[in-house]
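The values are calculated or read from the model by the stated rules, or taken from the named source; none is laboratory data. Please read all numbers here as calculations on a predicted model, not as lab measurements. No Cβ is skipped: glycine too gets one built from the backbone with ideal geometry, and neighbour counts run over all protein chains shown. Remember, those area values only see protein heavy atoms, side chains included, never the ligands or the DNA or RNA. Shrake-Rupley method; radii C 1.70, N 1.55, O 1.52, S 1.80 Å.
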Amino acid sequence: MPESPSHAERFARLTALLAEWQPLWRPMPFQHRRPPWAEAHPDLVDSLRSLDDAECARLQADPFTASPLAERLPVAELAALVELPELPGEGPCLSAQWAEHMGGRKWQQVAAFVPRMAALPRASLLEWCAGKGHLSRTLSRHLDREVTGLEWQAALCHDGQALAERQGARVQLVRQDVLAPDAARWLTADTQVAALHACGDLHGRLIELAAEQGSAVTLAPCCYHRTAWAHYRPFSRRGRELAVAHGLSLSREDLAMAVQETVTAPRHVRRHRERANAWRLGFDALQRQVRGRDAYLPVPSLAYGRMPESFAGFCRWAAERKRLALPAGIDWRAFEQEGQRRQAEVTRLELVRHLFRRPLEVWLVLDRQRRLEEAGFRVELGTFCARELTPRNLLLRASRG
Ligand SMILES: C[S@@+](CC[C@H](N)C(=O)[O-])C[C@H]1O[C@@H](n2cnc3c(N)ncnc32)[C@H](O)[C@@H]1O
């Protein structure tokens, strides 16, 4: 069995592959009648179009296994580069009773996170962006130690504090904007910080403060695109060097790709989403004809349950939002069918982006890992739970000395 690559090798190869293939993974098939890369890769378009629905669904769920695209895209190498070990946990199993007041999935995530925290005996424990402090409470009960949780929303602090008191957990939830300058006071060389699913800039701030102060960190990052920067600025020196050397430049939309998964939503929600997408694509065909411009026109999203009853109703709503006057005598059925045809095609073309999602996410986490390493930390990177429990299942465990 070949040896698994070091993090430094992974980071370098992933930068090269993401940069080399960016003309294919960056364009969103939804926005183009023909993907911009179609002319250069006609065989790839043909093999994607020829996939049946079952094969397409299988590749959406698992883009790296038995992929018919392996002849044309670096499937095997990407698969090897994103293969990370499961980080070992320690300590006894958590009491199932502690799941009370948490959603089932959240409890399972917390139960997988806590034993992997590798709590330092004398550190003061801090949760970053704690919500109602589910993780803080569990940590406190598991280790029988005090935990402070920082959370921005007063209502969450209030509800979470009440839960902690009811359960006798030694937790203080403190209202704190972690992006504010005074958030720095919570981190010292003796602090150990836990952050489960802290979004973009929120975990970015944690990494920078921990690097400055030397605080230990256990972090499962999330939502890399939730950032004030329109263009990604690598955290690490090495990340900046590699990005420049290979010409990899990431926009906020590119970062969003790393977390767009076909999650296992209930069947009726999936059906609803498919119909909504087909209608949007049908409207796209209509607006291109009405405006006489072969260009995508973004239409705002509609909350679940607000979708008009019919395709014509949806198009009238969308046209009104875009101040577009629709002519009389539109052949609604023809445009609706065109939307369904495009939907099937877009789903297949999207498989190219699927293939690069996890590699992009792993690259972003390697950049964070490298930043901490450059600041003198010893950093472990691996998974803390199965992807079915949460696709954001990567964990960084870092401490200095
Ligand atoms: C994705 S949730 C994660 C919550 C919790 N860690 C969990 O896994 O259940 C992110 C949390 O960050 C909080 N948050 C957002 N912006 C914040 C800020 N600037 N300072 C502190 N907390 C913030 C939100 O209110 C929310 O509770």
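Restricted to the stretch 126-157, and to residues there that are in contact (Cβ under 8 Å) with a residue 40 or more places away in the chain and over 23 Å from Cys93 (Cα atoms), the residue that is least open to solvent (accessible area, probe 1.4 Å) is Trp128.
Listed by first and then second residue, the pairs with beta-carbon distance under 8 Å, at least 6 apart or on different chains, first residue in the stretch 381-401 and within 12 Å of Pro88 (Cα to Cα), second among the hydrophobic types (A, V, I, L, M, F, W, C) and open to solvent by 30 Å² or more (accessible area, probe 1.4 Å), are Arg397/Ala118.
Just one residue in the set Phe356, Phe335 is surrounded by 21 or more Cβ atoms within 10 Å (Cβ to Cβ), touching a residue at least 12 places away in the same chain (Cβ under 8 Å) and farther than 24 Å from His225 by Cβ; that residue is Phe335.
Restricting attention to the stretch 122-160, the residues that are more than 8 Å from the ligand (Cβ to nearest atom) and among the hydrophobic types (A, V, I, L, M, F, W, C) add up to 9.
Scanning the stretch 158-180 for residues that are hydrophobic (A, V, I, L, M, F, W, C), surrounded by fewer than 16 Cβ atoms within 10 Å (Cβ to Cβ) and over 15 Å from Trp128 (Cα atoms) returns a single hit, Ala162.
Of all residues in the stretch 58-77, those that are touching a residue at least 24 places away in the same chain (Cβ under 8 Å) and of a type in the set (S, T, N, Q) total 2. Considering the stretch 388-401, and only residues there that are of a type in the set (D, E, K, R) and surrounded by 15 or more Cβ atoms within 10 Å (Cβ to Cβ), the residue that is nearest to Leu255 (Cα to Cα) turns out to be Arg392. Pick from the stretch 1-60 the residues that are within 30 Å of Arg378 (Cα to Cα) and either outside any helix (DSSP H, G or I) or not assigned by TED's automatic domain parsing to the domain that holds Leu73 (or both): which of them is least open to solvent (accessible area, probe 1.4 Å)? The residue in question is Pro5. So, Ala256, is that one surrounded by 18 or more Cβ atoms within 10 Å (Cβ to Cβ) and touching a Phe, Trp or Tyr at 6+ places or on another chain (Cβ under 9 Å) or not? Answer is no for this residue.
In the set (1) within 16 Å of the ligand (Cβ to nearest atom); (2) open to solvent by 20 Å² or more (accessible area, probe 1.4 Å); (3) touching a helix residue (DSSP H, G or I) at 6+ places or on another chain (Cβ under 6 Å), Ala119 fails one condition alone, (1).
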